[in-house]
1. Name the helices (runs of 4 or more DSSP H) wholly inside region 25-98 in which the number of residues that are of a type in the set (S, T, Y) and out of contact with any strand residue (DSSP E or B) (no Cβ under 9 Å at 6 or more places or on another chain) is 3 or more.
2. Tally time: how many residues in region 45-102 are among the small types (G, A, S), touching a Lys or Arg at 6+ places or on another chain (Cβ under 9 Å) and closer than 25 Å to G13 by Cα?
3. Would you please name the residue that is most open to solvent (accessible area, probe 1.4 Å), looking only at residues in region 1-24 that are of a type outside the set (A, V, I, L, M, F, W, C) and assigned to a helix (DSSP H, G or I)?
Amino acid sequence: MEKQFKFNEDVWGLFVNILVAYVTIIFTLGIGTPWAICRLERWKAKNTTIEGRKIKFTGEGSDLLGKFIVGYFLTLITLGIYGIWFAVKMQKFMVENTEFDD
């Protein structure tokens, strides 16, 4: 029986994407974090197959920027309590911007 989910183990691709993401975050003093997150999600989707169908991530860092700033600020002023909701909102963004690549 064939598995429904498959993941291509592209270790070199992950290494390069993580390196670029860290450099982006460091050189933009954190403002580039939404773009770094979207880059990693795009890589993950590109290497994932569900029931033989490729998926793609269509989210953009600019779409995530406002949510990220608000979530980060609320997490900061609530001493981390909002972090749980922020994580759920981030996951919601990831799922809503993932689709089959037909």
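The values are calculated or read from the model by the stated rules, or taken from the named source; none is laboratory data. Everything quoted here is computed from the prediction, not taken from an experiment. Here the Cβ positions follow ideal geometry from the backbone for every residue, glycine too, while neighbour counts run over all protein chains shown. To get the accessible areas, we keep the full protein, side chains included, count just its heavy atoms, and leave off ligands, DNA and RNA. Shrake-Rupley method; radii C 1.70, N 1.55, O 1.52, S 1.80 Å.
1. It comes to 61-77.
2. Total meeting the criteria: 4.
3. So, considering only residues that are of a type outside the set (A, V, I, L, M, F, W, C) and assigned to a helix (DSSP H, G or I), the one most open to solvent (accessible area, probe 1.4 Å) is Y22.
Every residue, every condition in (1) closer than 28 Å to K6 by Cβ; (2) open to solvent by less than 60 Å² (accessible area, probe 1.4 Å); (3) of a type in the set (V, I, T), yes or no:
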site: G52; (1), (2), (3): yes, no, no
site: G71; (1), (2), (3): no, yes, no
site: T75; (1), (2), (3): no, yes, yes
site: V95; (1), (2), (3): yes, no, yes
